[in-house]
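These notes are about the structure you will find just below.
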Amino acid sequence: MLIDWRSMSFRERREALQGYLSISPWVIGFLFFTLVPVLVSVYFSFTQWTITSPSEWVGLHNYIRMFTQDPLFWQALKVTGNFVLISVPLKLIFGVALSLLLNLKVRGMNLYRTIFYIPAVISGVAVSLMWIWLLQPDTGVVNTLLALVGIKGPGWFWDPQWALPSVALMSVWSVGGSAIVYLAGLQNIPPHLYEAAKIDGAGAWQRFWRITIPLLTPTLFFQLVVEMIESFKVFTQAFVITKGGPLKATYFYLYYFYEEAFQNFNMGYASALAVVLMVIIMTATIILNYTSKHWVYYAAEEEATK
Amino acid sequence: MRPETTMTPSIKAPLLSRRTRRWLEPGLTYLFMTALAFIFMIPLMWMLSTALKGRWEILAWPPQWIPTTPHWENFTEAFSRYPLGRFMLNSAFLVAANTVGQLLAVPLIAYGFARLRFPGKNSLFVIVLGTMMIPGHVKLIPLYTIYHRLGMIDTYWPLILPAFFGNPFFIFLMVQYMKTIPRDLDEAARIDGAGTWTILYKVILPLCKPPMTIIIVYTFLWTWNEFLHPLIYLNTFDSFPIQLGLSMFKGRYSVEWNLFMAATLISILPILILYFLVQRQLIGGIASVGLKG
C-alpha cells in the first residue's frame, strides 16, 4: 500500500493522519493480538518445546505424528465432526421452527421472545452444572419425567452412547438465540409476496417452501456458518461435565488441545493441533461459501438496495 | 348409486363460524406457545425448585416441584459455603475494566472507518471483518507465552488488555451505525469551528446510544460467561471470576445439590436482571447484526 502524500492537499493529508490515528488502537491490537500470534502459532507448530525446555525445530514431525500415530487426534476429530453434524442441523431446524412461531401475529409475542431467548444469555459453566443435575440418570428430573410416561431414560452424560447427544441436547435448549436471528430474516420478507401468492391460490405449505425458505436462505447461510464454527469450538461442556469421557465419547477437539497445551505443556504439538483446527474451520467456511452460490437467494437484497 | 354426499356443493361450509375462529386461532397459538415456553423453562424452574429444598428433599420420589417449606436460607448458606461474593466481585471488576476498554477504543476506531478519508481504508476494514473469522484458540499459545514473558500470568492483564484495542464485532456494529448519522451534522459543526475530535465526542457519540448499549450489554455477558481464558491465565483461587470459581466446586460437594443449585442460580442472577432490563434493545440489536449471546 503506497501512499502518494504529495498529490494530497494539506486538508486531505491532515484528515488521513487523523484517520490513521483514530484506527491506530485497532492496528496495534491487530498486529499484537492477532497477526503475530497466528504467525507464531504456525511457527510453533514446527517445533517441540514445553514451557520450561527450550524450543527445538522438528519440521513436519508434529503433523506427521498427528495424522499417522495419534489415535487421540482422530478420536477428537471424530467426536467434534459428529457433534457438528448432529447439532448444526438440529439447531437449524428447531431455530427456524421456533422463529416461525415467534413470527405469528398475536399480541404479547414479545413476552415469548423474551422467554425463549433467556437460555442464550446464560451460557457457560452455570448452564453445564445445571444440566449435570437435570440429566442425572437416577434422580434427574428429565429421566423422572420420562419415567412418568413409561420411558426408561438413558444414562446421558454417563453413557458413552448418549454423552455426545446429551451435549447436543444442551445446545438445542439455547436455540432461542438463533431463532431471534431467523426472526429478523422473516420480518424482512415483504408481505406483498404472500398476498400475491394467496391470490394465485398457493396454500400455506407452498408459500412456506416457495417464499419463506428461499427468502430466508441468506439468513440461513449466515447462521449455518456461525453455528458450524461455534460447534467446532465446544470446550466448556467437555471440561466441566465430562472431562472428555466416558470412554472419550466427548473428547472434543478443543479439550484435547487444552490438555496438550496447558496440562501436558506440549506447546509445539498443541500449536500444530490449533493450526489444523483453524485450517479445518476455514476450509469448511470456504466450501459453504462456495455452495452458497447454488442455494442462497440474494434477489431480495438486490431489491432492497434499489 | 353414488352416495348422496358427493352431491353437496364443492364449496364447503366453514367448520366453525367466523366468530369462533377469531378467538380460537389466537387461543390455540397462546396455548401452544405457553406449553412450549413452559417446557423450555423446566430446567430453570427445576434449578430454583432444587435450590429451595432441604437436603434430603432433593432425592424425594416422586419429585416435588414446589417444596413444602421453601428453604430460602439455602441462598445465604451458599454464600457462606462458597466464596461467591468474592468471585462475583472479581467478575464485576473484569466486566467494568473490559467495558471501559471497549468504550474508549471502539467509537474512536469506528469513527475513523465511518467518517475519515485515508488511503487503504477499505482494505483495512475488510481485515477487521476477516479477523472475526479467525478462531481464538490459534492465538492462545503465543499469547500465553508473551504474557508469561511479561510476568502477567496470574494477573488480570491478559483478561483486560485486549478490550482496549477494540472488538471487531463492536467496531463493525459501530461503523454501520455511524454511517446512518447524517453528514450534515458534521459539516454544520465544522463550520462552527469544531475540529475532527470535537465532532466525534460532541456531535457523533451522543447520538450513538443504541450501539453503545449493545456494546456494554455484550461485554457484560461475554465477560461474565467467559471461562477458557480465566482458566488458562489465573491460578490464585481468590482471584477467580465466577464461572471459574463455580467450576471448582463440581464434584467436591456433589451431595449438596440444593446448595450447589442455589449458588449456580446466584451466579446467573446478575445476567438475568441485566437481560430483563435491556431485553428490548438487545433483541432488536441482535436482529440487526446477527450477534448471539
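Does B:Phe172 count as on the phi < 0 side of the Ramachandran plot, touching a residue at least 12 places away in the same chain (Cβ under 8 Å), within 24 Å of the chain's Cα centre (by Cα) and open to solvent by 60 Å² or more (accessible area, probe 1.4 Å)? Criteria not met by B:Phe172.
Looking at A:Thr219, A:Thr139, A:Thr212, just one residue is in a helix (DSSP H, G or I) and within 11 Å of chain B (Cβ to nearest Cβ), and that residue is A:Thr219. Could you tell me which of the residues A:Phe232, A:Phe221 is within 13 Å of B:His137 (Cβ to Cβ), touching a helix residue (DSSP H, G or I) at 6+ places or on another chain (Cβ under 6 Å), open to solvent by 20 Å² or more (accessible area, probe 1.4 Å) and touching a residue at least 24 places away in the same chain (Cβ under 8 Å)? After ruling out the rest, the residue left standing is A:Phe232. Of the residues making up the stretch A:261-282, those that are more than 9 Å from chain B (Cβ to nearest Cβ) and surrounded by fewer than 23 Cβ atoms within 10 Å (Cβ to Cβ) are A:Gln263, A:Asn264, A:Phe265, A:Asn266, A:Val276, A:Val279, A:Ile280.
Scan the stretch A:97-136 residue by residue and report those that are outside any loop (DSSP other than H, G, I, E, B) and basic (Lys, Arg).
Of everything in the stretch A:97-136, just one residue is outside any loop (DSSP other than H, G, I, E, B) and basic (Lys, Arg), namely A:Arg113.
Kindly indicate which of A:Ile93, A:Ile64, A:Ile132, A:Ile151 is β-branched (Val, Ile, Thr), under 27 Å from A:Glu259 (Cβ atoms) and open to solvent by 50 Å² or more (accessible area, probe 1.4 Å). Matching residue, one of A:Ile93, A:Ile64, A:Ile132, A:Ile151: A:Ile64.
Taking residues in the stretch A:96-123 that are more than 8 Å from chain B (Cβ to nearest Cβ) and open to solvent by 20 Å² or more (accessible area, probe 1.4 Å), and partners anywhere that are part of a helix (DSSP H, G or I) and aliphatic (A, V, I, L, M), the pairs with Cβ atoms closer than 7 Å and at least 6 places apart or on different chains are A:Asn103/A:Leu183; A:Asn103/A:Leu186. Restrict the check to the stretch B:98-121 and report whether at least one residue is closer than 30 Å to A:Ala270 by Cα, at the interface with another protein chain (Cβ under 8 Å from one of its Cβ atoms) and under 22 Å from the mean Cα position of the chain (by Cα). Within the stretch B:98-121, not a single residue is closer than 30 Å to A:Ala270 by Cα, at the interface with another protein chain (Cβ under 8 Å from one of its Cβ atoms) and under 22 Å from the mean Cα position of the chain (by Cα).
For the stretch A:136-156, check the following and say yes or no: at least one residue is closer than 28 Å to B:Thr223 by Cβ and modelled with pLDDT of 90 or more. No - not one qualifying residue is present in the stretch A:136-156. Contact map, the stretch B:217-231: residues that are at the interface with chain A (Cβ under 8 Å from one of its Cβ atoms) paired with residues that are basic (Lys, Arg) and outside any helix (DSSP H, G or I), Cβ distance under 9 Å, separation 6+ or inter-chain. No pairs are found.
Looking at the stretch A:1-56, which of its residues are under 21 Å from B:Gly120 (Cα atoms), among the small types (Gly, Ala, Ser) and assigned to a helix (DSSP H, G or I)? A:Ser7, A:Ala16, A:Gly19, A:Ser22, A:Ser24, A:Gly29, listed by residue number.
Against the definition (more than 9 Å from every other protein chain (Cβ to nearest Cβ), within 23 Å of the chain's Cα centre (by Cα), open to solvent by 10 Å² or more (accessible area, probe 1.4 Å) and in contact (Cβ under 8 Å) with a residue 60 or more places away in the chain), how does A:Pro160 come out, yes or no? The answer is no for A:Pro160. Here's a check for you: in the stretch A:5-44, which residue that is more than 20 Å from B:Gly112 (Cβ to Cβ) and open to solvent by 40 Å² or more (accessible area, probe 1.4 Å) is farthest from the other protein chains (Cβ to nearest Cβ)? Checking each candidate, the answer is A:Arg6. A residue that is within 13 Å of chain A (Cβ to nearest Cβ) and surrounded by fewer than 17 Cβ atoms within 10 Å (Cβ to Cβ) occurs nowhere in the stretch B:83-90. Kindly indicate whether any position in the stretch B:49-56 is open to solvent by less than 20 Å² (accessible area, probe 1.4 Å), closer than 30 Å to A:Leu31 by Cα and either more than 9 Å from chain A (Cβ to nearest Cβ) or modelled with pLDDT of 90 or more (or both). Checked against the condition, which is being open to solvent by less than 20 Å² (accessible area, probe 1.4 Å), closer than 30 Å to A:Leu31 by Cα and either more than 9 Å from chain A (Cβ to nearest Cβ) or modelled with pLDDT of 90 or more (or both), the stretch B:49-56 yields no hits at all. Residue under question is A:Asn143, and the condition is that it be open to solvent by less than 20 Å² (accessible area, probe 1.4 Å) and within 30 Å of B:Ile266 (Cβ to Cβ); does it hold? The answer is yes for A:Asn143. If you go through the stretch A:235-250 and keep only what is open to solvent by less than 10 Å² (accessible area, probe 1.4 Å) and over 30 Å from A:Ala179 (Cβ atoms), you end up with just A:Gly244.
Comparison of A:Ala270, A:Ala261, A:Ala238 shows that the only residue that is in contact with a helix residue (DSSP H, G or I) (Cβ under 9 Å, 6 or more places away or on another chain), farther than 20 Å from A:Tyr43 by Cβ, in a helix (DSSP H, G or I) and assigned by TED's automatic domain parsing to the domain that holds A:Thr212 is A:Ala238.
Within the stretch A:80-97, the presence of at least one residue that is farther than 30 Å from A:Gln48 by Cα and over 17 Å from the mean Cα position of the chain (by Cα) is confirmed. One residue stands out among those in the stretch B:110-148 that are in contact with a Pro (Cβ under 6 Å, 6 or more places away or on another chain), assigned to a helix (DSSP H, G or I) and closer than 24 Å to B:Val217 by Cα: the one that is most open to solvent (accessible area, probe 1.4 Å), which is B:Thr131. Within the stretch A:45-56, the set of residues being open to solvent by 70 Å² or more (accessible area, probe 1.4 Å) and among the polar types (S, T, N, Q) comprises A:Gln48, A:Thr52.
The values are calculated or read from the model by the stated rules, or taken from the named source; none is laboratory data. In this text the structure is predicted, and so the values were computed from the model without any measurement. Backbone-built Cβ (ideal geometry, glycine too); neighbour counts: all protein chains shown. The protein model used for the area step is the full one, side chains on, heavy atoms only, and it has no ligands, DNA or RNA in it. Shrake-Rupley method; radii C 1.70, N 1.55, O 1.52, S 1.80 Å.
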